[in-house]
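Reading through the structure tokens given below for one structure.
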Amino acid sequence: MTQKDSAVPTLPHSQLRSSGGTPIAPRSDFPQPVRGDGAQPVVGDSFHEMWRELLPIGRHPDSRGYRRFAWTGVDLECRAWFKQQAEARGLGYEVDRNGNQWAWLGDPAAGDAVVTGSHLDSVPDGGAFDGPLGVVSSFAALDELLGRGVHFTKPLAVVNFGDEEGARFGLACVGSRLTAGQLTVEGAQKLTDGDGVSLPRAMEAAGYDPEAIGADPERLGRIGAFVELHVEQGRALDLSGDRVGIASAIWPHGRWRFDFRGEANHAGTTRLVDRRDPMLSYAETVLAARHEAELAGAVATFGKISVEPNGVNAIPSLVRGWLDSRAEDQASLDRVVGGIEQAARDYAAAHGIDLDVVRESFTPVVEFDHALRDELARILGKHTDITVPVLGTGAGHDAGILSGTIPTAMLFVRNPTGVSHSPAEFAAEDDCVAGVTALADVLEGLACT
Ligand code: GLV
Ligand code: MN
Ligand code: MN
């Protein structure tokens, strides 16, 4: 595969072999693999097949990016794919009260389960890897373990968390936040998409029961460890020359909505001095965000905007911009966002604009569980021919949400473009396979001891 093909990350046909084998029957005790027949390890076999199946789902023909938004028809196609993967392996399939999908090897009620997975939804025109790489690698790692003929001593599950990106309803990680009790039922019920469709109505339209949503401590109480594999969203691994890394921490981050309200008027007849144009204060605020982020070594982005009445020949009455900001520590983030808000207020006042700033979501700093992290390093350190660096990230993940409740860890797979949330997101075939192997090693170390 060449970099040129990155928008169509397929794998060579020569690599496509069926993982074969007899489906594993779900059992109430810890199931033992049925492929421990001395067959060659199956690293990558099933990965290629699953990857090919998922690739066309939700890919926009013009942008070549993915539009897999929560509870849409495309999301349902992704969910159907997940269910089919679970059933093809004879895993116990369930959808929890918040719409997250689970595929179980062994009895979940036995407790101390090892869970792996990620998400299948995307940002608008996202890449193929953010989320799906983790889910596909999880099923492939399970296949690999079955091929190795390991002896499971704990239940193991693959999970697909719903609405991780928050592309439709504005809040990231809705599935895991609800499950962990970090989003209230009332809060979730108030979420609406750009067309005014509420989250409950969207779930209902997709055939799920919105009355059931809420915290699920019992489910999380059965999990001993959650490991999420994810494409790296930067170039640290590329620069260090490593295929796989372990996550150390996630920067604190949040989303803020800035509503600049002025007065709609005629673009041709209104004198400049008579205008109350909210676009001006918005534009100045965008520049202030860049400045504040630079000062603090942080990041700040206005990546989404809506304008009313949105006419070429009308001065806007409302400019609504969403700020995403992240910093290494809380104090820096507070300084950045405080500075941007103050600048916005000053500019708004200067132009006679009313300003409201609402914090729509926030995720505090995440330090991944040190013991689990060390365990991953120990397991992967057995391979003396590879190094596995430990990396921090500015990206949010379901693993970060769950880390407040259960031990979680993450593995990153090299992304030579460093680009993410874009069709240019990429991971090479060999690195994907290295990720599957690393995940299989980790799961074997955690669930088969
Ligand atoms: C999720 O990918 C986020 O960091 O916004
Ligand atoms: Mn993402
Ligand atoms: Mn992701």
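Assorted remarks:
- Listed by first and then second residue, the pairs with beta-carbon distance under 9 Å, at least 6 apart or on different chains, first residue in the stretch 313-326 and at pLDDT 95 or above, second within 16 Å of ligand 3 (Cβ to nearest atom) and outside any strand (DSSP E or B), are R326/W251; R326/G394; R326/A395; R326/G396.
- The set of residues from the stretch 164-183 being in a loop (DSSP other than H, G, I, E, B) and either within 13 Å of ligand 1 (Cβ to nearest atom) or surrounded by fewer than 21 Cβ atoms within 10 Å (Cβ to Cβ) (or both) comprises E164, E165, G166, A167, G170, L171, A172, C173, G181, Q182.
- Residue within the stretch 286-299 that is more than 23 Å from the chain's Cα centre (by Cα), assigned to a strand (DSSP E or B) and under 24 Å from I401 (Cα atoms) present: no
- Counting only strands (runs of 3 or more DSSP E) that sit completely within the stretch 335-449, those holding 3 or more residues that are among the hydrophobic types (A, V, I, L, M, F, W, C) correspond to 354-363, 408-413.
- D238 being in the same structural domain as A293 (by TED's automatic domain parsing) and more than 16 Å from ligand 3 (Cβ to nearest atom): no
- Any hit, the stretch 369-389, residues being touching a His at 6+ places or on another chain (Cβ under 8 Å) and in contact (Cβ under 8 Å) with a residue 24 or more places away in the chain: no
- Residue in the stretch 128-149 that is part of a helix (DSSP H, G or I), under 30 Å from D195 (Cβ atoms) and either small (G, A, S) or away from ligand 2 (no atom under 16 Å from the Cβ) (or both) present: yes
- Looking across the stretch 412-441, the residues that are within 16 Å of ligand 2 (Cβ to nearest atom) and either outside the structural domain of A225 (by TED's automatic domain parsing) or aliphatic (A, V, I, L, M) (or both) come down to V413, V419, A424, A427.
- Of all residues in the stretch 228-260 being in contact with a helix residue (DSSP H, G or I) (Cβ under 6 Å, 6 or more places away or on another chain) and outside any strand (DSSP E or B), the one that is surrounded by the fewest Cβ atoms within 10 Å (Cβ to Cβ): R243
- Only one entry in D130, D75, D107 is within 16 Å of ligand 3 (Cβ to nearest atom), under 24 Å from A212 (Cα atoms), in the same structural domain as S176 (by TED's automatic domain parsing) and acidic (D, E), namely D75.
- Positions within the stretch 73-104 being closer than 15 Å to A206 by Cα and in a loop (DSSP other than H, G, I, E, B), in sequence order: D96, R97, N98, G99, N100
Conditions tested, residue by residue: (1) acidic (D, E); (2) assigned by TED's automatic domain parsing to the domain that holds E292; (3) surrounded by fewer than 20 Cβ atoms within 10 Å (Cβ to Cβ).
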{"residue": "S325", "(1), (2), (3)": "no, yes, no"}
{"residue": "G338", "(1), (2), (3)": "no, yes, yes"}
{"residue": "A344", "(1), (2), (3)": "no, yes, no"}
{"residue": "A349", "(1), (2), (3)": "no, yes, yes"}
{"residue": "I353", "(1), (2), (3)": "no, yes, no"}
{"residue": "H370", "(1), (2), (3)": "no, no, yes"}
{"residue": "R378", "(1), (2), (3)": "no, no, yes"}
{"residue": "D385", "(1), (2), (3)": "yes, no, yes"}
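The values are calculated or read from the model by the stated rules, or taken from the named source; none is laboratory data. Since the model is a prediction, treat every value here as computed from it, not as a measurement. Counting neighbours? That spans all protein chains shown, and the Cβs are built from the backbone with ideal geometry, glycine included.
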